[in-house]
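Got a structure for you, questions after.
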Amino acid sequence: MRRSPLLLIAPLACLLAALPVAALAATDCRAPAAVCESRSTGALALIERGLPLHVLVDQDDFTAVHRAAEALRSDLAAVSGADPATAAPRTAIIAGTLGRSTRIDRIVREKHIDTGGVDGVWEAYLLQVVDAPEPGIDRALLVVGADRRGTAFGLYELSRRIGVSPWTWWADVPPPHRATLHVAPGRFVDAPKVKYRGIFINDEDPALGGWMRETYGGADHRFYERVYQLILRHKANYLWPAMWQPRAFYEDDPRNAEVADDYGVVIATTHHEPMMRAHDEWTRIGKGPWDYNRNAKALREFWRGGIERLQGREAVVTLGMRGDGDEAMSEDTATSLLEKIVADQREIIAGITGKPAEDTPQVWALYKEVQDYYDKGMRVPDDVTLLFSDDNWGNIRRLPTPGETRAGGYGVYYHFDYVGGPRNYKWLNSTQVERAWEQMRLAWAHGVERLWIVNVGDIKPMELPISAFLDQAWDPDAADLAWIARYPAAWAAEQFGGTHAQAIGEILSRYTQYNARRKPELISADTWSLLHDGEADRVVADWDALEARTLALAKRLPASHRDAYYQLVEYPVLASANLSRMYVAVARNRLYAAQGRASANFWADEAKRLFERDAELQRVYEREIAGGKWIHMMSQVRIGYTHWQQPERNVLPALSYVDVPARGVTGVAVEGDARAWPQRAQSPRLPRLDPVGAPTRGVVVYNRGADKLGFSAKSSQPWLKVSPAQGEVEDAQALTLAVDWAKLPEGEHEAVIAILGADRTEVYVQVPVRKPPAHHGARGFVEGDGVVAIEAAHHARAVAPVGGEWQVVPNLGRTLSGVTAWPATGEPLVPGGDGARLEYPLVMDDDGEVEVRVVLSPTLDIRNRGGLRYAVSIGDEAPQVVNVRLDPTPGDRDFRAWEHAVIDSVHVATSRHRVAAGANTLKLWLVDPGLVFQRVEVVSDSRQRGTLGPVESARR
């Protein structure tokens, strides 16, 4: 496993080690080509006494190399605070491409520079300090590239190592100021493992589109130049340009393609835009229907123009055809028609290039229904890259069989942004880097090495996952479990320095985890329960605590980092927290209005205030931060969804107001019941209390009127205390129930709380109580409130598969983490015996039947074997195999299960088992690799729960 050297300075080394070769792993300033403030033996000063080195490039080298050299010069000047000295340099950075730079070729030859691992290797580069490389220069840092991007990547790598973030322009991250920086001696060679690595700008209106129009007048070469720089600073090389109608990359500005070639960025077109043609070009110049059966001649002519326009520039050509408007081409799987289309397209490519079709890189995107063609046996020539896809929600649909190869290789098209069902998600980042890493690690393990492309929507605010995706793509082998565990803090160090990096990384992890529980666009007033498990209060408390940490940390950062911090950390946290609070306020308003509470009106006003605060947070982002640089960038609609498509504007959900009488009127509400009390001829009944999971329950005395109102509350049993026993209610008063468990014998009991209002209202709340058997000596997670809830990572024993291990992926999931078996490329296992499993000790109250709910990440059947399986057993019973079947194909029998899974960000699979009172052991067996377990819940009481489920049980 190859590791790369230090990005920056020694104090940051441990954090920066998480970033991959796109950066950083050596923690020793003596590592080859490490950049540090301190001087190691034989090091060369990049900046000395505030003056940076000259960067020298042959005039005849590639334009891409000159562009990268100019970027490094600017970065050195920004870091040092000065331009290079005007005198002829005695030391320098000398960069060039083998076979193109006369200077580099001569130095390599005369100084006997070892170019092994570079020469002839795609995008490889060498960094090495050399003495007396040429007359007049005493020492130099050589940057030697195998090709134009190899040399450019070596230069951009140096920029990152001196402390310049790839987001220096796109997120206003200020370069650090250093009076001295040194590069260590030694030979460092690096090259990417995934050939094409890039991003897709998509669904970019109104946010990025509005910003482009305001800033550049549209998607012209000035805009794309910034995009190319961002891509190359991440050492990526590939772009699907913006195509949201009415955009057309080549037609909108002919210089778009020219400048891409100058920078060395490979341009391609999306999964539904064949032959280098933007979809909107057919709207502009196409003749007749987008239908190959009826209009083949016109379509071939249209496609011929796309290939002719390339003029020999580097590209990857998309083959195939989908229907007009990114829809299915037909209701049936028209395999023979699509095979003819591909054959005709390849004939056009060969005819125009004058070379065999296989000499031009091509890709066939197996997106949505096109995967059906592949699954039913359609094949394309072996030199064509097969681009598999996720389900638009971050779950890869299909992967090749491990060890299976083809000349064109394999790719994956992934999503951080999507327009479509069950609902659009485009506003803020709701992708956990841990989940994207886990899915792309699966892809790499299955042989996906040719193309990694991710839909990033508006680019902002997907900064963190973009970096993680592209950094992983450079060297997936180096991006191991320890790497992803450190990544958020390491990325924070790259943007904000090492002092607060750990704290900022934790904030980034938490806000993306909270957003991934339920994407912001999917949250409604019904999402977080006010009635069960205290869920709404828990969710709001999570956001409150995170917001407080975020704001406290903002005060400790230097003013120079204010703009970057607001964009990358503060706005996402504050806006996400505000959105959740607003929907909970709406939920309280509606519930309280239905119950007749006077405070319903307060919650309506609070919801309005939070709705207005959302707009104010956006205003600060767009008009105050960075001097108004990011106008329109947070204009994506996010409030008021009612179906998959967004509303035209943010819409405050419907609110209710109540007429509040002047006199006080008593009302009572109880946990688990939305009704208001008193009710004629009925009494409220609480869910059962028990000493482990529910030692108390919620009972609230509230006021339906404006005047204060007296009340009293009294228990019918001496072992149940209620407080306060009396008082006055202006808004609401929560009662505290306390059971004296020591005085209560085991078994079922019942008490009644009599609540009497000064207005002569009487409510009698029935309080069932159960004291379970003690089960002395039993150890494990203890049943409480009818459930045992366990985080998957908290197993008592893990028996690994032969040649593998169980791994805990931190933060992956809604509540704590994810557990998965690795490697995930093996054959299915037979559960039982001493097979691979996780064991969880349980302490159950009674003998009986239970439902075991296993909460999993919504992984799809990547090998197309009819589902992914695991097994469960309790005690000595035979393992019961459970099949996880999710399918994003509308109409499929498993479509609804998939839809629920992506809405909830988990799939909950169930099985039924018998338990014995006292100690039990639940075994979770590995059958099919690839599944990620988040939680296990053993349920004996099937009453309704909240969205996230109960908190984890106590462990004895």
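Are any of the residues in the range 657-666 more than 30 Å from TYR216 (Cβ to Cβ), crowded, with 20+ Cβ neighbours inside 10 Å, at pLDDT 95 or above and not hydrophobic (A, V, I, L, M, F, W, C)?
Within the range 657-666 (the criterion being more than 30 Å from TYR216 (Cβ to Cβ), crowded, with 20+ Cβ neighbours inside 10 Å, at pLDDT 95 or above and not hydrophobic (A, V, I, L, M, F, W, C)), the answer is yes, since at least one residue qualifies.
Taking ALA824 as the residue in question, decide whether it is within 30 Å of LEU720 (Cβ to Cβ) and in the same structural domain as VAL906 (by TED's automatic domain parsing). Please lay out each step first, then the result.
Numbers: within 30 Å of LEU720 (Cβ to Cβ): no; in the same structural domain as VAL906 (by TED's automatic domain parsing): yes.
No, not satisfied.
Which members of the range 894-910 meet the condition of being within 18 Å of LEU816 (Cα to Cα) and assigned to a strand (DSSP E or B)?
HIS907, VAL908
When you scan the range 108-117, do you find a residue that is touching a residue at least 40 places away in the same chain (Cβ under 8 Å), within 27 Å of VAL266 (Cα to Cα) and within 42 Å of the chain's Cα centre (by Cα), even just one? Spell out the reasoning first.
Of the range 108-117, the ones touching a residue at least 40 places away in the same chain (Cβ under 8 Å) are 114, 116-117.
Subsequent filtering for residues that are within 27 Å of VAL266 (Cα to Cα) retains 116-117.
Checking the rest, the ones that are also within 42 Å of the chain's Cα centre (by Cα) come to 116-117.
Taking every residue of the range 108-117 in turn, at least one turns out to be touching a residue at least 40 places away in the same chain (Cβ under 8 Å), within 27 Å of VAL266 (Cα to Cα) and within 42 Å of the chain's Cα centre (by Cα).
Of the numbered conditions (1) among the aliphatic types (A, V, I, L, M); (2) farther than 20 Å from TYR196 by Cα; (3) part of a helix (DSSP H, G or I), ALA257 fails exactly one; give the number of that condition.
The number of the failed condition is (2).
To keep it simple, each residue is scored yes or no on (1) assigned by TED's automatic domain parsing to the domain that holds GLU622; (2) within 16 Å of ALA45 (Cα to Cα); (3) among the acidic types (Asp, Glu); (4) touching a Leu at 6+ places or on another chain (Cβ under 6 Å).
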{"site": "ILE137", "(1), (2), (3), (4)": "no, yes, no, no"}
{"site": "LEU142", "(1), (2), (3), (4)": "no, yes, no, no"}
{"site": "PHE153", "(1), (2), (3), (4)": "no, no, no, no"}
{"site": "ALA171", "(1), (2), (3), (4)": "no, no, no, yes"}
{"site": "PRO175", "(1), (2), (3), (4)": "no, no, no, no"}
{"site": "HIS182", "(1), (2), (3), (4)": "no, yes, no, no"}
{"site": "ILE201", "(1), (2), (3), (4)": "no, no, no, no"}
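Can you name every residue in the range 548-565 that is in a helix (DSSP H, G or I), of a type outside the set (A, V, I, L, M) and over 13 Å from ILE504 (Cβ atoms)? Let's see the steps before the verdict.
Filtering the range 548-565 down to residues in a helix (DSSP H, G or I) leaves 548-554, 559-565.
Then drop every residue that is not of a type outside the set (A, V, I, L, M), which leaves 549-550, 560-563, 565.
Correct list: SER560, ARG562, ASP563.
Here's another thing I want to ask about it. With a cut-off of at least 2 residues that are closer than 21 Å to TYR156 by Cα and small (Gly, Ala, Ser), name the strands (runs of 3 or more DSSP E) lying wholly within the range 29-118. Steps first, please.
Details: elements: 44-48, 54-57, 91-97.
Here the list reads 91-97.
Shifting gears a bit: From ALA916, ALA909, grab the single residue that is over 25 Å from PRO810 (Cα atoms) and not assigned by TED's automatic domain parsing to the domain that holds ASP533.
ALA916
For the range 354-370, what are the residues that are touching a residue at least 40 places away in the same chain (Cβ under 8 Å) and either closer than 11 Å to VAL384 by Cβ or touching a Ser or Thr at 6+ places or on another chain (Cβ under 7 Å) (or both)? If you could, list the steps in order and put the result at the bottom.
So the first thing to find is which residues in the range 354-370 are touching a residue at least 40 places away in the same chain (Cβ under 8 Å), and the list is 358, 360-365, 367-370.
Answer for the range 354-370, where residues must be touching a residue at least 40 places away in the same chain (Cβ under 8 Å) and either closer than 11 Å to VAL384 by Cβ or touching a Ser or Thr at 6+ places or on another chain (Cβ under 7 Å) (or both): GLU358, THR360, PRO361, GLN362, VAL363, TRP364, ALA365, TYR367.
Any idea which of ARG109, ARG103, ARG90 is of a type outside the set (Phe, Trp, Tyr), surrounded by fewer than 16 Cβ atoms within 10 Å (Cβ to Cβ) and out of contact with any Lys or Arg (no Cβ under 9 Å at 6 or more places or on another chain)?
ARG109
Could you list, in sequence order, all residues of the range 615-645 that are in a helix (DSSP H, G or I) and under 22 Å from TYR418 (Cβ atoms)? Before the answer, list the steps.
To start, the set of residues in the range 615-645 that are in a helix (DSSP H, G or I) comprises 615-628.
Result: GLN618, single match.
Just the residues that are closer than 24 Å to PRO488 by Cα and charged (D, E, K, R), please, taken from the range 412-435.
Here is the first cut: in the range 412-435, the ones closer than 24 Å to PRO488 by Cα are 412-418, 425-435.
Scanning the range 412-435 gives ASP417, LYS426, GLU434, ARG435.
Give just the number: which of (1) assigned to a loop (DSSP other than H, G, I, E, B); (2) small (Gly, Ala, Ser); (3) farther than 18 Å from ALA789 by Cα does GLY949 not satisfy?
Here GLY949 clears every test but (3).
Tell me which residues, restricted to the range 119-142, are among the small types (Gly, Ala, Ser) and under 23 Å from SER159 (Cα atoms).
Going residue by residue through the range 119-142, those that are among the small types (Gly, Ala, Ser) are 120, 124, 132, 136, 140.
Those that are among the small types (Gly, Ala, Ser) and under 23 Å from SER159 (Cα atoms): ALA124, ALA140.
Please pick out the residue among ILE874, ILE862 that is within 23 Å of PRO950 (Cα to Cα), out of contact with any helix residue (DSSP H, G or I) (no Cβ under 6 Å at 6 or more places or on another chain), of a type in the set (A, V, I, L, M, F, W, C) and at pLDDT 95 or above. I'd like the intermediate steps shown before the answer.
Numbers: ILE862 fails: within 23 Å of PRO950 (Cα to Cα).
Checking each option against the conditions leaves just ILE874.
Looking only at the range 70-92, decide whether some residue is in contact with a Phe, Trp or Tyr (Cβ under 6 Å, 6 or more places away or on another chain) and modelled with pLDDT of 80 or more.
Initial filter on the range 70-92 (in contact with a Phe, Trp or Tyr (Cβ under 6 Å, 6 or more places away or on another chain)): none.
No, because not a single residue in the range 70-92 is in contact with a Phe, Trp or Tyr (Cβ under 6 Å, 6 or more places away or on another chain) and modelled with pLDDT of 80 or more.
Name the residues in the range 913-954 that are closer than 18 Å to ASP690 by Cα, in contact with a Pro (Cβ under 7 Å, 6 or more places away or on another chain) and either polar (S, T, N, Q) or at pLDDT 95 or above (or both), would you?
ALA917
How about the range 136-179: which of its residues are over 23 Å from GLU225 (Cα atoms) and within 31 Å of the chain's Cα centre (by Cα)? First the steps, then the outcome.
Initial filter on the range 136-179 (over 23 Å from GLU225 (Cα atoms)): 136-144, 146, 176-179.
Of everything in the range 136-179, just one residue is over 23 Å from GLU225 (Cα atoms) and within 31 Å of the chain's Cα centre (by Cα), namely PRO176.
If you check GLU463, GLU438, GLU434, which single one turns out to be acidic (Asp, Glu), out of contact with any strand residue (DSSP E or B) (no Cβ under 9 Å at 6 or more places or on another chain) and in contact (Cβ under 8 Å) with a residue 24 or more places away in the chain? Steps first, please.
Values: GLU438 fails: out of contact with any strand residue (DSSP E or B) (no Cβ under 9 Å at 6 or more places or on another chain); GLU434 fails: out of contact with any strand residue (DSSP E or B) (no Cβ under 9 Å at 6 or more places or on another chain).
Going through GLU463, GLU438, GLU434 in turn, just one is acidic (Asp, Glu), out of contact with any strand residue (DSSP E or B) (no Cβ under 9 Å at 6 or more places or on another chain) and in contact (Cβ under 8 Å) with a residue 24 or more places away in the chain: GLU463.
HIS907 - would you say it is crowded, with 17+ Cβ neighbours inside 10 Å, closer than 30 Å to LYS368 by Cα, modelled with pLDDT of 95 or more and in contact with a strand residue (DSSP E or B) (Cβ under 9 Å, 6 or more places away or on another chain)?
Numbers: crowded, with 17+ Cβ neighbours inside 10 Å: yes; closer than 30 Å to LYS368 by Cα: yes; modelled with pLDDT of 95 or more: yes; in contact with a strand residue (DSSP E or B) (Cβ under 9 Å, 6 or more places away or on another chain): yes.
So HIS907 passes the test.
ARG865 fails exactly one of the following numbered conditions: (1) among the basic types (Lys, Arg); (2) crowded, with 16+ Cβ neighbours inside 10 Å; (3) within 25 Å of ALA436 (Cβ to Cβ). What is the number of that condition?
Failed condition: (2).
On the given criteria, is ARG675 assigned to a loop (DSSP other than H, G, I, E, B) and under 19 Å from THR736 (Cα atoms)?
Values: assigned to a loop (DSSP other than H, G, I, E, B): yes; under 19 Å from THR736 (Cα atoms): no.
No, not satisfied.
Could you pull out the residue among THR820, THR736 that is in a strand (DSSP E or B), under 30 Å from GLN682 (Cβ atoms) and at pLDDT 95 or above? Before you say what the answer is, go through the steps one by one.
Values: THR820 fails: under 30 Å from GLN682 (Cβ atoms).
After ruling out the rest, the residue left standing is THR736.
On to the next question. Is it fair to say ARG590 is part of a helix (DSSP H, G or I), of a type in the set (Lys, Arg), crowded, with 22+ Cβ neighbours inside 10 Å and touching a residue at least 24 places away in the same chain (Cβ under 8 Å)?
Details: part of a helix (DSSP H, G or I): yes; of a type in the set (Lys, Arg): yes; crowded, with 22+ Cβ neighbours inside 10 Å: yes; touching a residue at least 24 places away in the same chain (Cβ under 8 Å): yes.
Here the answer is yes, as ARG590 does meet what is asked.
Among the numbered conditions (1) in the same structural domain as ILE639 (by TED's automatic domain parsing); (2) of a type in the set (Val, Ile, Thr); (3) surrounded by 15 or more Cβ atoms within 10 Å (Cβ to Cβ), tell me where VAL699 comes up short.
It is condition (1) that VAL699 fails.
With buried (at least 24 other Cβ atoms within 10 Å of the Cβ) and either outside the structural domain of ASN578 (by TED's automatic domain parsing) or touching a Lys or Arg at 6+ places or on another chain (Cβ under 9 Å) (or both) as the only criterion, which of GLN502, GLN472 stands out?
Working: GLN502 fails: buried (at least 24 other Cβ atoms within 10 Å of the Cβ).
Answer to the check: GLN472.
Also, I was wondering about something else. GLY803: assigned to a loop (DSSP other than H, G, I, E, B) and buried (at least 16 other Cβ atoms within 10 Å of the Cβ), yes or no? Give the derivation first.
Numbers: assigned to a loop (DSSP other than H, G, I, E, B): yes; buried (at least 16 other Cβ atoms within 10 Å of the Cβ): no.
For GLY803, the condition - assigned to a loop (DSSP other than H, G, I, E, B) and buried (at least 16 other Cβ atoms within 10 Å of the Cβ) - is not met.
Same structure again: Only one of these conditions is not met by VAL55: (1) buried (at least 23 other Cβ atoms within 10 Å of the Cβ); (2) under 27 Å from TYR263 (Cα atoms); (3) free of Cβ contacts under 8 Å to residues at least 60 places away in the same chain. Which number is it?
Evaluating VAL55 over (1) buried (at least 23 other Cβ atoms within 10 Å of the Cβ); (2) under 27 Å from TYR263 (Cα atoms); (3) free of Cβ contacts under 8 Å to residues at least 60 places away in the same chain leaves (3) as the failure.
The values are calculated or read from the model by the stated rules, or taken from the named source; none is laboratory data. Since the structure is predicted, the reported quantities are computational estimates derived from the model, not experimental observations. Because the Cβ atoms are built from the backbone with ideal geometry, glycine has one as well, and the counts that use them run over all protein chains shown.
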